[in-house]
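Step one of this worksheet: look at the structure below.
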Amino acid sequence: MKENYCLQAALVCLSMLYHSQALALERRNHLRPPFHGHHEKGKEGQVLQRSKRGWVWNQFFVIEEYTGPDPVLVGRLHSDIDSGDGNIKYILSGEGAGTIFVIDDKSGNIHATKTLDREERAQYTLMAQAVDRDTNRPLEPPSEFIVKVQDINDNPPEFLHETYHANVPERSNVGTSVIQVTASDADDPTYGNSAKLVYSILEGQPYFSVEAQTGIIRTALPNMDREAKEEYHVVIQAKDMGGHMGGLSGTTKVTITLTDVNDNPPKFPQSVYQMSISEAAVPGEEVGRVKAKDPDIGENGLVTYNIVDGDGAELFEITTDYETQEGVVKLKKPVDFETKRAYSLKVEAANVHIDPKFISNGPFKDTVTVKIAVEDADEPPMFLAPSYIHEVQENAAAGTVVGRVHAKDPDAANSPIRYSIDRHTDLDRFFTINPEDGFIKTTKPLDREETAWLNISVFAAEIHNRHQEAKVPVAIRILDVNDNAPKFADHYEGFICESDQTKPLSNQPIVTVSADDQDDTANGPRFIFSLPPEIIHNPNFTVRDNRDNTAGVYARRGGFSRQKQDFYLLPIVISDGGIPPMSSTNTLTIKVCGCDVNGALLSCNAEAYILNAGLSTGALIAILACIVILLVIVVLFVTLRRQKKEPLIVFEEEDVRENIITYDDEGGGEEDTEAFDIATLQNPDGINGFIPRKDIKPEYQYMPRPGLRPAPNSVDVDDFINTRIQEADNDPTAPPYDSIQIYGYEGRGSVAGSLSSLESATTDSDLDYDYLQNWGPRFKKLADLYGSKDTFDDDS
């Protein structure tokens, strides 16, 4: 810092000296005495005189960051016409005039009153003028000049970033470019060396270097190993003044990371791995894991595992767990402790991605020996066969031996075995098994025609450990015996046309029949058809065996008539080819039918002849129609009889009221309730409190009297209107009709109850109305009325 202050002071002195010399030179070269010009001839011989300015200057300089006690002298303005008597006043205007720059109006000296910074503003443009002090009359034309701020080295270099991050592959060659850092200086690059920068490395040697002019960082050592050191911290300095003493400097930090390359092969940490597996393990079960270490990372550290040799290569397999980079040894096939108790594997670990640049560091793989011991386990019994097929004849007696299953304990202990049948597969319990020797027997006769095959499952379990059991399927075939006689394959029915005796017989069969047998084919066809021995010489029909399991039925005669016999029953004996053979007698129905001349059937009903002797079809239809009409008449009569009008209201003992009957009609007394509907008296709430008006229109038509109608041509309006009013009053058929207004309901919720005389007139109860005397003046009339009645009754 002291060096910087000394340097600045020296620069200020040099600047002041420079300015004083420049001012003297400027005054000597540019400030001239007034020159009154020369004469020129103008128009009409007029002589024009041009005056020349008496003072001229170029530009002034002022050093930045001046911190002296007095204002710094920038320069002096002086006119040749200034004789020093004080009559001339100098005026300064423009940028910063009066604030930054001030002028002595007598001497013309210009001073800077504030510290200037070139980085904020490099120059100022001002205007100077000399005027008469008394009249302010310009004595010289205004002149413009520039004040430039001269730069000093007051800004240190600054990097674009405070910190940088860069990557470079490990084992890179010397001089490999890593990153370029750049700094900038706010000083004037055109003046001196204030902005000339030089880069150097302060920290990070001897691993890295930096180019002084460009700021490019390069590797300085070969074979830098990421596995040894991955990250480096480098400090770079930028210094101005070309790096010379007294220059300002700035620094930045660069973090350089070595990226990985595949320069390390995988290595197993041990030469032998010991593992074990139970003989009860199933294929796919994990045996153990091995892992080869590779210091590389990412894809450079990926390792794959393979079995390359060993006596267990067919029984075991290895896969790669890429998340943990481990080799997983798994069981490929079941192992048996009693057969072999140990296996050996040779496992190889190799890199997936190999960099050709470092192939000389290889080979990039390693091998290890894996020894696997087989552990003994309590295994379930094993059947000698994976499945069994046995046969038994149908209808065999209960207890017949079907076959045997056999299992043994594979363990060295050779535990005894106990057998049982899975009853879920033998719900009908057709079979039983001997638990000791495994013999399967029937429990009931079997029918092949119901089920030809039966499938069951048999368990074999160790006696001392019931949880150790095995299961085997057993298929049992039911052998057929000839226990079913053949019968017609379908419901057959024959038809023969009635004819006379002279008509020749047809060679075509009446019907062809076949048979069906539920037994197996060995005990079924060939079928033999014949007539029973007792009717072997049947005069009407015969049976011919076609020797293809079918037979034809033929007529032996003609002249069949429906009037004599409309159908025939023909028994047919069917025998099968089983040993011993089975036979059955089946009955065939042969109907006698009417046919046309071509032999086509018309009708096979015998009733056709009976109907001809009686009524025809049309007559029967007519009789049925008459019966239907009579039934309809009876139904209508009964319906009309039931349409008798019923009373509109039913009186009860506790609901006795008077009936209001329409006038113009003689009523039948209190019991006549058919004249109008008083249902609203019983349930006034059923119509939401609204008591309707019921208009009753008379049932007969009123004929007006001729004498009341005025003449058509009458002009007496009063007579006409009175006549119309009289007609309307006397006409019961004209509205408004007589109306029934209902007053039987007096509300609800009264503590005194109903005061209606309708009910009290017909009741036999003797009520006490003395309490009416206490109800006040409003009920005095009622109290006197009912009180007098009671008194009258007592007197009588």
Residue-wise HN-Hα coupling along the range 343-360, computed from phi with Karplus coefficients 6.51, -1.76, 1.60 (Hz; x: Gly, Pro): 9, 10, 10, 10, 10, 10, 10, 9, 5, 7, 10, 10, 8, x, 5, 10, 4, 5
Can you tell me the order of 472-482, 181-191 when each peptide is scored by its average per-residue count of other Cβ atoms within 10 angstrom, highest first? 472-482, 181-191
How much length is gained on full extension from residue 191 to residue 311, taking 0.36 nm per residue of separation minus their Cα-Cα distance? 34.5 nm
Pair residue 512, residue 638: separation of 7 Å Cα→Cβ label points (nm): 6.0 nm
Relative packing of peptides 430-439, 395-404 - highest average C-beta neighbours within 10 Å first: 430-439, 395-404
What residues have an amide H closer than 5 Å to that of residue 289, excluding those fewer than 5 places away on the same chain, when H is modeled at 1.01 Å from N in the peptide plane? 329
Using the Karplus curve 6.51 cos²θ - 1.76 cosθ + 1.60 with θ = phi - 60°, what ³J(HN,Hα) values do you get for each residue of the range 332-341, in whole Hz, with x for Gly and Pro? 9, 10, x, 10, 10, 4, 6, 8, 8, 10
Counting only the heavy atoms of the protein chains, how much of residue 275 is accessible to a 1.4 Å probe, in Å² to the nearest 10? 20 Å²
At residue 324 and residue 406, where each label point lies 7 Å from the Cα along Cα→Cβ, what is the point-to-point distance in nanometres? 4.7 nm
Under the rule of at least 5 residues apart or a separate chain, name every residue whose amide H is placed under 5 Å from the amide H of residue 451. none
What are the residues whose amide H is under 5 Å from the amide H of residue 494, where those residues sit 5 or more places off or on another chain and H is modelled from the backbone? 589, 590, 591
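Hey, with R₀ at 45 Å, roughly what FRET efficiency would residue 276 and residue 231 work out to, going by the Cβ-Cβ distance, to 0.05? Write out the running numbers ahead of the final one.
Details: r = 45 Å, r/R0 = 0.99.
Efficiency computed from Cβ-Cβ geometry: 0.50.
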Modelling each spin label as a point 7 Å along the Cα-to-Cβ direction, I'd like the residue 122/residue 429 distance in nm, to one decimal. 11.8 nm
Full-extension gain in nm, residue 617 to residue 451, via 0.36 nm per residue minus C-alpha separation: 54.1 nm
Linear extension gain, residue 724 paired with residue 488, 0.36 nm per residue minus alpha-carbon span: 74.7 nm
Check: C-alpha center the range 444-465 vs C-alpha center the range 265-305, spacing in Å is 49 Å
What list of ³J(HN,Hα) couplings, whole Hz, do you get for the range 314-326 from phi and the Karplus terms 6.51, -1.76, 1.60, once you set θ to phi - 60° and write x for glycine and proline? 7, 9, 10, 9, 9, 10, 9, 8, 6, 6, 9, 6, 10
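The values are calculated or read from the model by the stated rules, or taken from the named source; none is laboratory data. Treat the numbers as computed from the prediction; the structure is a model and nothing was measured. Neighbour counts are summed over all protein chains in view; Cβ atoms, including those assigned to glycine, are modelled from backbone coordinates with ideal geometry. Just so you know, the surface numbers come from the protein's heavy atoms only, side chains and all, with ligands and any DNA or RNA stripped out. Shrake-Rupley method; radii C 1.70, N 1.55, O 1.52, S 1.80 Å.
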